[in-house]
Amino acid sequence: MSGGAGPKRRGSQFERDVVHYLQEHGFVDCERAYGAGRPADVGDIVGVPGVCIECKATRQINLAGFCDEAERERLNARQPFGVVVA
């Protein structure tokens, strides 16, 4: 398999898993935010008040890069907190 079909599918499943976990733990309005990658990206998951959530399902950890991305998206989403779930 070339390119992004496998990683894209893995990332989408990871986001669904995180949403399911959050819903089971009281965040019933939690859902995936569609349109990731657009200039005004607001994170991968919405529905947790005050929090912008960026999900990363990757083998290589780039914590500084992940945090930078979450901060940009937090600002776009106008939320007080940004988190990375990796």
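The values are calculated or read from the model by the stated rules, or taken from the named source; none is laboratory data. It should be emphasised that the depicted structure is a prediction, and the values quoted were computed from it without experimental measurement. Cβ sites come from the backbone with ideal geometry, for glycine too, and all protein chains shown count toward neighbours. Note: accessible area is taken over every heavy atom of the protein model, side chains too, but ligands, DNA and RNA are not part of it. Shrake-Rupley method; radii C 1.70, N 1.55, O 1.52, S 1.80 Å.
For the chain, the equivalent ellipsoid derived from the alpha-carbon gyration tensor has semi-axes of 20, 16, 12 Å in decreasing order. Considering only alpha-carbon pairs that sit under 8 angstrom and 6 or more positions apart, the relative contact order computed for the chain is 25 percent. Quick check on the chain: of the DSSP beta bridges with both residues there, what percent are antiparallel, nearest 5%? Beta bridges within the chain, antiparallel portion: roughly 40 percent.
Per atom type, the chain shows carbon and sulfur on 55% of its accessible surface, probed at 1.4 Å. Based on protein heavy atoms only, the chain ends up with 67 Å² per residue of surface accessible to a 1.4 Å probe.
The Cβ shell under 9 Å around residue 73 holds other residues with a net charge of -3, Lys and Arg each +1, Asp and Glu each -1.
Dipole size in debye (nearest 20) for the chain around its Cα centre, Lys and Arg Cβ +1, Asp and Glu Cβ -1? Once rounded to the nearest 20, the dipole reads 300 debye.
Once label points are set 7 Å from the Cα along Cα→Cβ at both residue 61 and residue 5, what is their separation, rounded to one decimal in nm? Distance between the two pseudo-spin positions: 3.1 nm.
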